[in-house]
């Protein structure tokens, strides 16, 4: 009698079915493991930023970097390039395109993030100048969350600016931001203009006149002493996720690009240029004026003491505003984080 050497159709279907069941069982576990890895990396990025801020403060009389530092000590490029059309348009003080003409608080932190070589590649002038391209194009993983689609990414401004301002400038993206003040009609606990950690002047409010003075002549370019954070370093947010810019996200879907020449609300989503200064106390609602991440259920923040916490989407606006304000005397309890 001839022995059978192969599988029957029924046996083959059973094997395929078993393999399918195993894949179905393992796939969620693999996806969960990947998300866990992305979350750990994101937390580590924010923790590094917190450590860098305190390292900066330790050699600068316990001061944080300025929200929009002047960086006047940067060298002049030996062969300056002609100003591009985007730069010339930004010379008009009434025009704001993503704060591309102002350096960000992240730049003075570069030497404390083991990126001295990138800092040394920067020159005086605007972040978007051609001379600064070798530095500002450098990908710095610490400034980007791995959960953000396309991360790590370069922002190509030819895709976003008006046609008459087309340029070949590209800059490295960023997913972590800071806020100068709480503002906007959605402020439910404080009047618009309450001071956050990065507001350098005294007091608890930010007058509107701060934003009408000439460039680099307001409190945006002054270093912030840690002693003004009267609510406590562990109770005040230093930086947070604001991922995905310059594409505006609205409840998880792209809405429109962030470059609005008439608005101070938006920023370019790059580490070299400044963040916007308007802010709403929502989580994962919109990324151009609030805390926003591509993690499920919430977003990470780093406190002024360097600790990293997770804020859930359902966290009350009152709690978010209280955590952002630096000297309003609120009481934050453990249950407020849940």
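Expected output is a single nm value to one decimal: the length gained when fully extending between residue 251 and residue 332, i.e. 0.36 nm times separation in residues minus the C-alpha distance. What is it?
Gain in length upon complete extension: 26.4 nm.
Using C-alpha positions alone, give me the convex hull volume of region 274-338 per residue in cubic angstrom. Please list the in-between numbers first.
Values: hull volume 7.0 nm³, N = 65.
Looking at region 274-338, the number lands at 108 Å³ per residue.
Hey, fewest Cβ within 10 Å first, where do 143, 310 land in order?
310, 143
Going by how many other Cβ atoms sit within 10 Å of their own, how do 104, 41 line up, fewest first? Please report the intermediate quantities before stating the final value.
Working: 104 26, 41 16.
With the fewest neighbours first, 104, 41 line up as 41, 104.
Under a crude label model (7 Å from the Cα following the beta-carbon direction), how far is residue 154 from residue 117 in nanometres?
1.7
Mind sorting 14, 308, 118 by how few other Cβ atoms lie within 10 Å of their own Cβ, fewest first? Kindly include the intermediate steps, with their values, before the conclusion.
Values: 14 12, 308 17, 118 22.
If I rank by nearby Cβ atoms, fewest first, I get 14, 308, 118.
Based on the Cβ-Cβ distance from residue 312 to residue 9, what FRET efficiency comes out when R0 is 56 Å, to the nearest 0.05?
0.65
A short reminder: the numbers here are calculations on the coordinates, not readings from a lab. Since we're looking at a predicted model, the values are computed, not measured. Please note: Cβ atoms are built from the backbone with ideal geometry, for glycine as well, and neighbour counts cover all protein chains shown.
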